[in-house]
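Inspection log for the structure reproduced underneath, given as structure tokens.
The values are calculated or read from the model by the stated rules, or taken from the named source; none is laboratory data. Worth saying up front: this structure is predicted, and the values here are computed from it rather than measured. Every residue, glycine as well, gets a Cβ built from its backbone with ideal geometry; the counts of neighbours run over all protein chains shown.
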Amino acid sequence: MTGVGRLDGKRTLVIGGGGAGIGRSIVRSCAAAGAAVAVADVDAARATEAAEELLAAGHVAHALSGDVRSREQLDGMIEGAAERLGGLDVLITVVGGQVAFVPAVRLHEMADADWDTVYELNLRYVARAVRRVLRLFLEQGTGGAVVGIGSVTGFMAAPMQAGYGAAKAGLHSLARTVAAEYAADGIRMNVVAGGAISTAVNAGVAAAWVPEIPAGRYGTSEEMAAAAVYLASDEARYVTGQQIVLDGGVSVRGPFPQ
């Protein structure tokens, strides 16, 4: 599941929630696959704990903290990762969602401020991070890979999650544009689109959603991490501008459960 050796020598930054949930699984899987990892999280204690876990297992790891909504802090985390790791080969963006940040309501009931929050945490920071890391990859001249954590709500109906779905659709559009503009430079961007993935946020409704999933279960953060490792690796060097969908068949049934 971790793809041992797939990321040997890859200098990887996992930004936005690298210290917990899906991000923590991605950090572990990247390290197990051979990458040197910079862990970035808004919670400095979580980032430190994740890095120390990797260090104790004999991996190369560094902890960084900052708020991805701040341009200065976001740039600082990217530059800090490149400085500590001696450059960057892979950027994986994680943080996102809606129900963890704002109420799940019908579109006409959604406040402007809540829409902005969802957009900021699912697309705007990713676009900023990608622009910054593209400049870094071009300066290095060695190519690079970007993996964004997306959602099936980006291409299927998502009742009560219109802002989230619109932002995730934008994420895949961003990946396609990066593919078209930078493939000749050896730079790739892809998306892992998750369906119902077991996290602390959705634990309260897990049992209710299972009948809506053809596979009969939730996906795991480890399965999301395995897909991210593949897309970051040279095994996927001819894959760019794409989405890998991990949803247990939800998107063939639709719409996404409320």
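When segment 134-144 is limited to residues that are assigned to a helix (DSSP H, G or I) and in contact with a Gly (Cβ under 7 Å, 6 or more places away or on another chain), the one that is surrounded by the fewest Cβ atoms within 10 Å (Cβ to Cβ) turns out to be Gln140. When Ala104, Ala111 are checked against the criterion of being free of Cβ contacts under 8 Å to residues at least 40 places away in the same chain, over 17 Å from Ile78 (Cα atoms) and over 13 Å from the mean Cα position of the chain (by Cα), a single residue qualifies: Ala111.
Might you check whether a residue that is among the basic types (Lys, Arg), at pLDDT 90 or above, part of a helix (DSSP H, G or I) and within 28 Å of Val252 (Cβ to Cβ) occurs anywhere in segment 155-174? Yes, because at least one residue in segment 155-174 is among the basic types (Lys, Arg), at pLDDT 90 or above, part of a helix (DSSP H, G or I) and within 28 Å of Val252 (Cβ to Cβ). Checked against (1) farther than 19 Å from Val252 by Cβ; (2) assigned to a loop (DSSP other than H, G, I, E, B); (3) not acidic (Asp, Glu), Ala180 passes all but condition (2). If you filter segment 145-198 down to residues that are surrounded by fewer than 24 Cβ atoms within 10 Å (Cβ to Cβ) and of a type in the set (Phe, Trp, Tyr), you find that the one that is nearest to the chain's Cα centre (by Cα) is Phe155. Restricting attention to segment 114-133, and to residues there that are under 16 Å from the mean Cα position of the chain (by Cα) and hydroxyl-bearing (Ser, Thr, Tyr), which single residue is surrounded by the most Cβ atoms within 10 Å (Cβ to Cβ)? Looking at the filtered set, the residue picked out is Tyr125. Beta carbons closer than 6 Å, at least 6 apart along the sequence or on distinct chains, pair a first residue in segment 45-73 that is touching a residue at least 60 places away in the same chain (Cβ under 8 Å) with a second that is crowded, with 16+ Cβ neighbours inside 10 Å and of a type in the set (A, V, I, L, M) for Val68/Leu74. Looking at Ala81, Ala38, Ala63, can you tell me which residue is of a type outside the set (Phe, Trp, Tyr), crowded, with 21+ Cβ neighbours inside 10 Å, modelled with pLDDT of 95 or more and part of a helix (DSSP H, G or I)? That would be Ala81, the only listed residue that is of a type outside the set (Phe, Trp, Tyr), crowded, with 21+ Cβ neighbours inside 10 Å, modelled with pLDDT of 95 or more and part of a helix (DSSP H, G or I). Of the residues Gly76, Gly96, Gly23, the single one that is assigned to a helix (DSSP H, G or I), buried (at least 18 other Cβ atoms within 10 Å of the Cβ) and not hydrophobic (A, V, I, L, M, F, W, C) is Gly23. Return the total of residues in segment 43-59 being farther than 15 Å from Gly18 by Cα and part of a loop (DSSP other than H, G, I, E, B). Qualifying residue count, segment 43-59: 3.
For segment 191-245, the set of residues classified as of a type in the set (Phe, Trp, Tyr), at pLDDT below 95 and in contact with a helix residue (DSSP H, G or I) (Cβ under 8 Å, 6 or more places away or on another chain) consists of Tyr218 only. Pull out all pairs, ordered by first then second residue, where Cβ-Cβ is under 6 Å, the residues are six or more apart or on different chains, the first lies in segment 14-32 and is at positive phi, and the second is outside any strand (DSSP E or B) and not small (Gly, Ala, Ser). Here the result reads Gly16/Val68; Gly16/Val94; Gly16/Val95; Gly17/Val94; Gly17/Val95; Gly21/Thr199, each pair linking segment 14-32 to a residue that is outside any strand (DSSP E or B) and not small (Gly, Ala, Ser).
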